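Engineer: Mind having a look at this structure? Questions to follow.
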Amino acid sequence: MNIRFSKLVFVFAIAISTASFAQKKEIKTTESTINWTGKKITGSHTGTLVFESGFLTLEADVLKAGEFVVDMTSLAVTDLAAGQGKEKLEGHLTSDDFFGTANYKSATLVITEATKAKAGVYTVKGDLTIKGKTNPIQFDLAVDAKAGTAATTLKVDRTKYDIKYGSGSFFDNLGDKAIDDAFELAVELKM
């Protein structure tokens, strides 16, 4: 082996060993959770959604990107029992008044930027698509790369996705029938 080739191999080996490679960490969809809360003047409702797929991209344990797909047909109500309004509310939430899941079976979130806010916490900017409409969103995401977990609680303004049913921002005289424009998502990811 000539000396020039040996030096080239040595330089290449050092470059590979010192380079940090991005790792795409798929989420475990059966272990990751989405819990939603919707509020109205007279109370609130809670429920769940299920991930179809998702991943975070980490480089040297630093968050760089991510993408998630939520199965909107999985929408379930958890604060009402079967036969006591659960099916009726689920039917209304999946109807065109709200999420229109017959036509819009999934929602997506694409992380476009992640900035470290403090140890283990990132300020995330992304594009959220619901009912075929995409809007920017920002939230904090706690990431523990070693444990393979991430978590956030974020608020989504439903009216930006043409979900205006019962919104006091668009309809007058709703009284105690008004529904908050924002709903909350508590998300826990396992990778």
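Engineer: Using a simple spin-label model with points 7 Å from Cα along the Cα→Cβ vector, what separation in nm is obtained for D157 and D144?
Structural biologist: With each label point 7 Å from Cα toward Cβ, the separation is 3.4 nm.
Engineer: Take the residue pairs K39/K105; K116/K164; K39/K125; K116/K160; K25/K133; K40/K133 and return only those whose Cα atoms are more than 31 Å apart.
Structural biologist: Numbers: K39/K105 23 Å; K116/K164 34 Å; K39/K125 25 Å; K116/K160 27 Å; K25/K133 27 Å; K40/K133 24 Å.
Listed pairs above 31 Å: K116/K164.
Engineer: If you don't mind, another one. Restricting to DSSP loop positions (anything but H, G, I, E, B) with no more than 15 other Cβ atoms inside 10 Å of their own Cβ, which GluC sites (Glu not before Pro) remain in the range 19-96? List each step's numbers first, then the result.
Structural biologist: Values: sites: E26, E31, E52, E59, E67, E87, E90; in loops: E31.
Listed in order of number, the matching sites are E31.
Engineer: Contour minus end-to-end for E31 and V62, with contour as 0.36 nm per residue of separation and end-to-end as the Cα-Cα distance?
Structural biologist: Details: separation 31, 0.36 × 31 = 11.16 nm, distance 2.24 nm.
Additional length available on full extension: 8.9 nm.
Engineer: Let me ask another. How about the range 74-174: which chymotrypsin sites (Phe, Trp or Tyr not before Pro) there are in a DSSP loop, with at most 14 other Cβ atoms within 10 Å of their Cβ?
Structural biologist: Values: sites: F98, F99, Y104, Y122, F139, Y161, Y165, F170, F171; in loops: F98, F99, Y104, Y165, F170, F171.
In loop regions of the range 74-174 (DSSP not H, G, I, E or B), the sparsely surrounded chymotrypsin sites (Phe, Trp or Tyr not before Pro) are F170, F171.
Engineer: Keeping all protein chains in place, calculate the accessible area per residue for the range 44-191 (probe 1.4 angstrom), answer in Å². Show your work: numbers first, answer last.
Structural biologist: Details: 7580 Å² over 148 residues.
Heavy-atom accessible area per residue stands at 51 Å².
Engineer: Describe numerically, in nm with one decimal, the distance between label points set 7 Å from Cα along Cα→Cβ at A182 and at K105.
Structural biologist: 3.3
Engineer: Also: Which order do I179, I111 take by accessible area at a 1.4 Å probe, largest first?
Structural biologist: Order by accessible area, largest first: I179, I111.
Engineer: Please work out whether the range 74-145 counts as rounded, prolate or oblate from its C-alpha gyration tensor, where a ≥ b ≥ c are the square roots of the eigenvalues and a/c under 1.5 means rounded, while otherwise a/b larger than b/c means prolate and anything else oblate?
Structural biologist: Oblate shape, in that a/c is at least 1.5 and b/c is the bigger or equal ratio.
The values are calculated or read from the model by the stated rules, or taken from the named source; none is laboratory data. Everything numeric in this text was worked out from a predicted model, so none of it was measured. No Cβ is skipped: glycine too gets one built from the backbone with ideal geometry, and neighbour counts run over all protein chains shown. Calculation scope for accessible area: heavy atoms of the full protein, side chains included, ligands and nucleic acids excluded. Shrake-Rupley method; radii C 1.70, N 1.55, O 1.52, S 1.80 Å.
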